[in-house]
1. Of the conditions (1) without any contact (Cβ under 8 Å) to a residue 60 or more places away in the chain; (2) in contact with a helix residue (DSSP H, G or I) (Cβ under 9 Å, 6 or more places away or on another chain); (3) under 22 Å from residue 201 (Cα atoms), residue 126 clears all except one; give me its number.
2. Among the residues of region 32-47, is any assigned to a loop (DSSP other than H, G, I, E, B), in contact (Cβ under 8 Å) with a residue 60 or more places away in the chain and surrounded by fewer than 20 Cβ atoms within 10 Å (Cβ to Cβ)?
3. Could you please let me know if residue 250 is outside any loop (DSSP other than H, G, I, E, B) and at pLDDT below 90?
4. Does residue 205 meet the test of being under 21 Å from residue 182 (Cα atoms), surrounded by 19 or more Cβ atoms within 10 Å (Cβ to Cβ) and modelled with pLDDT of 90 or more?
5. Just the residues that are in contact with a helix residue (DSSP H, G or I) (Cβ under 7 Å, 6 or more places away or on another chain) and either surrounded by fewer than 21 Cβ atoms within 10 Å (Cβ to Cβ) or free of Cβ contacts under 8 Å to residues at least 60 places away in the same chain (or both), please, taken from region 181-192.
6. Given the conditions (1) within 18 Å of residue 228 (Cβ to Cβ); (2) at pLDDT 95 or above; (3) assigned to a helix (DSSP H, G or I), which single one is not true for residue 184?
7. Quick one: which of 283, 272 is modelled with pLDDT under 85 and part of a loop (DSSP other than H, G, I, E, B)?
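The values are calculated or read from the model by the stated rules, or taken from the named source; none is laboratory data. Please read these numbers as outputs of a predicted model, since none were measured by experiment. We place every Cβ from the backbone using ideal geometry, glycine too, and count neighbours over all the protein chains shown.
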């Protein structure tokens with residue numbers, strides 16, 4: 001699935017799976033099962049695009065991002081970055097790739113070293129990768145990055161505990177930009193922030209995308225933020241992608257029953273409209289990724305499920321131009 005006709009995507013994921021083994025025994029351990037965090041997904045991201053990856057907690061969004069960054073070695077599948085499969089690259093060959101791919105973590109409180117000053121935190125990757133050996137120029141670049149991210153350059157002499165959550169997250173963004181990357185994974189980058197601060201950080205990410213021609217994989221569960229920032233959205237459920245489309249198309253015309261349930265749970269600020277809406281949540285509880293249901297993983301909770309949904313695993317089908325749905329009952 002290519003995003004733009006005639007142009008190769010920057011990132012292409014094919015059949016990606018990440019299964020974590022479950023073992024038992026203290027002295028001699030043996031494998032008794034697998035946690036199927038990601039269970040065979042396909043998507044691509046064009047250069048300069050922001051793809052939103054949404055779904056319930058535990059559906060495999062963060063694991064997908066970690067596999068793409070090669071913080072986890074995937075169980076199977078291909079991760080093509082700029083046409084090169086990086087899923088099996090040895091650690092030595094990954095060093096150069098680290099400069100091109102960066103991450104903004106979810107928790108601004110635990111992702112920064114409390115014993116290091118902000119300036120040293122941002123300068124460390126520049127020093128490690130030898131991008132700027134001169135200490136004075138390195139300090140100048142750190143102050144420029146702080147300014148670009150909306151912080152006073154004097155904050156370089158502060159420690160993380162002297163800053164608010166929003167300021168810490170801006171430091172995390174500046175650290176990611178320090179390597180001059182072209183692709184950034186934003187792993188729930190605004191979920192730990194107050195709503196008013198979320199809007200500022202989202203606007204900052206949007207400005208940086210245009211200024212530095214960045215490509216984002218934006219992992220989130222806040223659908224309103226995703227609609228504002230992302231050109232396309234992929235919806236995950238229990239390790240699989242169930243729907244993917246242009247942002248406006250997906251929000252205006254959701255086809256998969258799970259996507260419809262997610263969007264129906266989003267409150268509307270107008271109390272009169274909210275009072276007249278019908279909220280139809282997905283029934284039951286999300287199954288365990290240790291033993292996912294056969295066939296369509298959503299069928300135990302789906303109001304449209306038929307017998308065939310329990311047997312055959314649906315594949316993504318293009319129901320409209322650019323609108324892909326993994327549901328055999330959607331026509």
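1. That leaves (3) as the condition not met.
2. yes
3. no
4. yes
5. 190, 192
6. It fails just one condition, (3).
7. Of the residues listed, the single one that is modelled with pLDDT under 85 and part of a loop (DSSP other than H, G, I, E, B) is 283.
Conditions (1) in a loop (DSSP other than H, G, I, E, B); (2) surrounded by fewer than 24 Cβ atoms within 10 Å (Cβ to Cβ); (3) touching a residue at least 24 places away in the same chain (Cβ under 8 Å), marked per residue:
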| site | (1), (2), (3) |
| --- | --- |
| 137 | no, yes, no |
| 141 | no, yes, yes |
| 147 | no, yes, no |
| 154 | no, yes, no |
| 179 | yes, yes, yes |
| 197 | no, yes, yes |
| 224 | no, yes, yes |
| 227 | no, yes, yes |
| 234 | no, no, yes |
